[in-house]
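Report on the following structure.
The values are calculated or read from the model by the stated rules, or taken from the named source; none is laboratory data. Because the structure is predicted, anything quoted here is derived from the model rather than measured. A quick note on method: Cβ atoms are made from the backbone with ideal geometry, for glycine too, and the neighbour counts reach across all protein chains shown.
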Amino acid sequence: MLDAKIPSGSLENKWKEYKGHCKLVNPANKRKLEVIVVGTGLAGASAAATLGELGYKVKAFCFQDSPRRAHSIAAQGGINAAKNYQNDGDSDYRLFYDTIKGGDYRSREANVYRLAEVSANIIDQCVAQGVPFAREYGGLLSNRSFGGVQVQRTFYAAGQTGQQLLIGAYQALERQISLGTVTMYNRHEMLEVVTENGKAIGIITRDLITGKLDRHFGNAVLLCTGGYGNVFYLSTNAMGSNVTAAWKAHKAGAFFANPCYTQIHPTCIPVSGDHQSKLTLMSESLRNDGRIWVPKKKGDTRKPNEIPHEERDYYLERRYPAFGNLVPRDVASRAAKERCDAGYGVGSSKQAVYLDYASAIERYGKIEITKHGRNPEEASKEEITVLGKGVVKEKYGNLFDMYEKITGENPYETPMRIYPAVHYTMGGLWVDYELMTTVKGLYCLGEANFSDHGANRLGASALMQGLADGYFVIPYTVGNYLADEIYNKPIPTSHEAFEAAEKKVNDRINTLMNIKGKTSVEKFHKRLGKIMWDKCGMARNEKGLQEAIVEIQQLRKEFWQDVRIPGEINEFNPELDKAGRVADFLELGELMCIDALNRNESCGGHFREESQTEEGEALRHDAEFMHVATWEFKGESNWTMYKEALNYEVVKPTQRSYK
Amino acid sequence: MEHYNMNLNLKVWRQKNSKTKGEFKMYRVENISSEMSFLEMFDVLNERLIEEGDDPIAFDHDCREGICGMCSMYIDGKPHGPWQGNTTCQLHMRAFKDGDTIVVEPWRANSFPVIKDLVVDRTAFDRIIQAGGYISVNTGNAVDGNALPINKNMADASFAAAMCIGCGACVAACKNSSAMLFLSAKVSHLALLPQGEPERKSRVLDMVAQMDKEGFGSCTNTGACEATCPKEISISYIAKLNNEYLCAGLTTE
């Protein structure tokens, strides 16, 4: 049923072999072939630009006012690449291995190896585009280390790596727009995939300024529309991030894989009240120097600086002496939740732990004194603190400033309060080795697909995957499909398939507007988020998931009877845009719970309380669950699951341990 | 940090679309927490407007962490409000006190027409980039990333310019609606890197020509742009832009 089309041959030769034998399209024919790209983040912008360079007729779409706004821009820490510039033993194989292990042995070997293989090309390409990566005094590129690995392979541009990479891709895209190979549609949202005989032939979009629906034909359609973390209402995603394009594709026949795999990032600024609209991440790099703790006494109301050292519980150092504060994201998040649930949380909400820089400030201060040829024992405490703060400011200044803006507290003086938050979704549309979904001619790239991160993504790997898919994978694999498309005439948008798809979109919008209920879209979204976070969040169990499914069905029913959308259809109407997206989240949420219920094991970001070791660690069941769970949409609340078995030919899966 | 609640008066620009005339409307908001962000205060107000059967206030926003450049409110006469080096989405309500009246307008510039309420059309910026704000290198042509060492100071200066988020606050702050800070940031980002060298002259000439075509005003070195830039991009980049433009103009064949 599911054919991943993984090329034969040894792991390191698969991609070379594929590139050597895939079909090509000659330049004269490329000009006749139209490719639609939805979304202009790292995956979408890089794909649209590269396909434009190759000579295809490209149409690109984004819902923001400019392609440069896509949420890839918010990535802070960095991008991994197996360059081995540090001579510390890195290689394609190491990057491949770390990613497979980090994903808790739930990703596909062939895809991950290809990702590692092209990672070095990404850095070269970005440098050539003028991406100002951090450099050493010798003028060469700088690297830093990131969670869960033993080499330094992360390239970065201060705390704004995503921004710089996206602007590189955006500039390449704007260049193609000026050359006429790409037509850009800003403030347009894709609302339907048009298919004929199981093949994607175009999309229906809505102009978000005028409300007008448009039909677009494409020989191939590429969805690069990001993740669905906003199903939880509160997440580190942008306000507009949504599942709509991927969900329309799912309902048009594309299978959805591993929807329950969600990454909860351990270091985010905690919720401060009911008004909260989104959560802000504090880079993983902060765990390099910060120490995480809670008071040893339950419900301790003293200020953090008044709690003496011996009355603090540095629980990560206590539980995981080998990795300490640098355990992977899933482990750190669960440990914070465990302490807060047990009543040791801090702050007014009691849903937070401390991330403390006092020790780091002292340590760096003493080093500075030593650098000046003096004995730290002779220096005053104040002097050490001043010097130490200077060092911390240079390393993490922009993050500390951001924390202060949001909370009004000075993190140099008092420990930061942090709590885990939804950050990334590893699940997504199922794709084969060529990134094609189960619908012919419909591709999915970047976070929107499921392919490379298994059950948990390592830091600095999302940027790598988005650009790998867009710059280096899709230009080959889409060609292999389009080579056969040259025999087919473009389908006019007056075709009945377009007619029917547009009618479907139109009917749905009219239905939404005509409900004229009493409750705002936002209120439904918040309620859905609460169900998801409480019952399909950091820890899940059978009873909770079963309840969640019923509650979501009920909430969905209520939504379609009582939602109130102000304004008109044919005008700029953000509430209407949001209503469509929340309606889709109300369907996706149910599937996530079904998938989480079905996967009766703990792996990576998916923690089933029934499946843990005696020490409370995640326990996998490889014999039963070493597969991709892939869901076919059959009708409301009705899905069929197919398994793609994961065969580990090179890596031998083991239970992860960080003790 | 002490938390407090406040009641405020908002004087907000309302405009149905680009074809109609706009006007200020007054709104009273109550029990606003000092911990809220400025946009969350607007969320609260919009929820109420929806409940009351009114049209909510349209505004642009997306990442809400100060990096995407989408949010754009002109608050009490200053783009992005009173805080230094800050975007609207990162402005928090503790910047205000009980009883304040806050005036909120869209970016005002002929080149940024209003779409609705506080939402404006900034596609002119995209077209300026299209005129040459890139390095012409197709995917697959790159040499090794370390083949060409770049002086760290130059790389850092290039990065400081590349931090521009394209929000348009510089234009909104300028009495001439000049886009020179935005343009200078892009020209400097690329001119400071060896990879940008081959197109250095044509880039600056073409981008300036496009800026003029879009109807942005001239720079008179007032410095309002630098003072309001959320990424604190230095006005010295405008001096660099002028230098680049002059040299290119004198030496281009």
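Observations
- Number of the condition not met by B:THR88 [criteria: (1) more than 11 Å from chain A (Cβ to nearest Cβ); (2) out of contact with any Cys (no Cβ under 7 Å at 6 or more places or on another chain)]: (2)
- Residue list for the stretch B:146-187, filter: among the β-branched types (Val, Ile, Thr), at the interface with chain A (Cβ under 8 Å from one of its Cβ atoms) and touching a residue at least 60 places away in the same chain (Cβ under 8 Å): B:ILE165
- Matching option when the condition is more than 10 Å from every other protein chain (Cβ to nearest Cβ), surrounded by 24 or more Cβ atoms within 10 Å (Cβ to Cβ) and over 17 Å from B:SER158 (Cβ atoms), among A:ARG144, A:ARG153, A:ARG175: A:ARG153
- Residue within the stretch A:74-89 that is within 14 Å of another protein chain (Cβ to nearest Cβ) and in a helix (DSSP H, G or I) present: yes
- Close contacts from the stretch A:233-254, counting a first residue that is within 14 Å of chain B (Cβ to nearest Cβ) and in contact (Cβ under 8 Å) with a residue 24 or more places away in the chain and a second that is acidic (Asp, Glu) and surrounded by 24 or more Cβ atoms within 10 Å (Cβ to Cβ), with Cβ to Cβ under 7 Å and a gap of 6+ residues or different chains, come to A:ALA238/B:ASP62; A:MET239/B:ASP62; A:GLY240/B:ASP62.
- Test result for B:GLU40, facing another protein chain (nearest Cβ under 7 Å), closer than 30 Å to A:GLY41 by Cα and assigned to a helix (DSSP H, G or I): yes
- The stretch A:109-141: number of residues that are more than 15 Å from A:SER461 (Cβ to Cβ) and facing another protein chain (nearest Cβ under 9 Å): 19
- Residue list for the stretch A:533-555, filter: among the hydrophobic types (A, V, I, L, M, F, W, C) and either over 21 Å from the mean Cα position of the chain (by Cα) or over 18 Å from A:GLY427 (Cβ atoms) (or both): A:LEU545, A:ALA548, A:ILE549, A:VAL550, A:ILE552, A:LEU555
- Scanning the stretch A:272-301 for residues that are β-branched (Val, Ile, Thr) and either touching a residue at least 24 places away in the same chain (Cβ under 8 Å) or within 14 Å of another protein chain (Cβ to nearest Cβ) (or both) returns A:THR280, A:ILE292, A:VAL294.
- Among residues of the stretch A:478-492 that are hydroxyl-bearing (Ser, Thr, Tyr), those with a Cβ under 8 angstrom from a residue that is assigned to a loop (DSSP other than H, G, I, E, B), sequence gap 6+ or separate chain, pair up as A:TYR481/A:GLU434; A:TYR481/A:GLY441.
- Some residue of the stretch A:252-267 being assigned to a loop (DSSP other than H, G, I, E, B) and in contact with a His (Cβ under 7 Å, 6 or more places away or on another chain): yes
- Test result for B:VAL29, free of Cβ contacts under 8 Å to residues at least 24 places away in the same chain and either within 10 Å of chain A (Cβ to nearest Cβ) or closer than 18 Å to B:THR101 by Cα (or both): yes
- Residues located in the stretch A:200-213, provided they are surrounded by 18 or more Cβ atoms within 10 Å (Cβ to Cβ) and charged (D, E, K, R): A:ARG206
- When we screen A:ALA257, A:ALA322 for residues that are under 21 Å from A:LYS659 (Cβ atoms) and among the hydrophobic types (A, V, I, L, M, F, W, C), the only hit is A:ALA322.
- Check on B:GLY168, outside the structural domain of B:THR20 (by TED's automatic domain parsing) and touching a Ser or Thr at 6+ places or on another chain (Cβ under 7 Å): yes
- Sole residue being of a type in the set (S, T, N, Q), surrounded by 22 or more Cβ atoms within 10 Å (Cβ to Cβ) and over 25 Å from the mean Cα position of the chain (by Cα), chosen from A:ASN258, A:ASN219: A:ASN219
- When the stretch A:604-646 is filtered for residues that are closer than 30 Å to A:GLY9 by Cα, at pLDDT below 95 and over 24 Å from the mean Cα position of the chain (by Cα), nothing remains.
- Selected residue [surrounded by fewer than 22 Cβ atoms within 10 Å (Cβ to Cβ) and at the interface with another protein chain (Cβ under 8 Å from one of its Cβ atoms)] from B:VAL143, B:VAL119: B:VAL143
- Evaluated against (1) within 14 Å of chain A (Cβ to nearest Cβ); (2) part of a loop (DSSP other than H, G, I, E, B); (3) within 30 Å of B:MET211 (Cα to Cα), B:ILE57 falls short on exactly one condition, (3).
- Annotation note: Cβ proximity below 6 Å between a residue of the stretch B:203-230 that is assigned by TED's automatic domain parsing to the domain that holds B:ILE129 and a residue that is of a type in the set (Asp, Glu) (sequence gap 6+ or interchain) occurs for B:VAL204/B:GLU244.
- Selected residue (criterion: nearest to the chain's Cα centre (by Cα)) from residues of the stretch B:107-117 that are within 23 Å of A:TYR185 (Cβ to Cβ), not in a strand (DSSP E or B) and not acidic (Asp, Glu): B:TRP107
- Tally of residues being over 22 Å from the mean Cα position of the chain (by Cα) and within 12 Å of chain B (Cβ to nearest Cβ) across the stretch A:11-67: 7
- Screening A:ARG106 on (1) surrounded by fewer than 23 Cβ atoms within 10 Å (Cβ to Cβ); (2) in contact with a strand residue (DSSP E or B) (Cβ under 9 Å, 6 or more places away or on another chain); (3) more than 14 Å from chain B (Cβ to nearest Cβ); (4) at pLDDT 95 or above shows it passes everything except condition (1).
- Those helices (runs of 4 or more DSSP H) of the stretch B:143-193 in which at least 2 residues are under 19 Å from B:ALA131 (Cα atoms), considering only elements entirely within it, cover B:152-162, B:180-191.
- Matching residues, the stretch A:12-53, being aliphatic (A, V, I, L, M), in contact with a helix residue (DSSP H, G or I) (Cβ under 8 Å, 6 or more places away or on another chain) and surrounded by fewer than 19 Cβ atoms within 10 Å (Cβ to Cβ): A:LEU24
- Output for the stretch A:302-319, where each listed residue is under 30 Å from B:PHE38 (Cβ atoms) and either away from chain B (no Cβ under 14 Å) or part of a loop (DSSP other than H, G, I, E, B) (or both): A:LYS303
- Restricting the stretch A:600-659 to residues that are among the hydrophobic types (A, V, I, L, M, F, W, C) and part of a loop (DSSP other than H, G, I, E, B), the residue that is surrounded by the most Cβ atoms within 10 Å (Cβ to Cβ) is A:PHE607.
- Residue satisfying condition, being surrounded by fewer than 22 Cβ atoms within 10 Å (Cβ to Cβ), of a type in the set (Asp, Glu) and outside the structural domain of B:GLN210 (by TED's automatic domain parsing), within set B:ASP98, B:ASP156: B:ASP98
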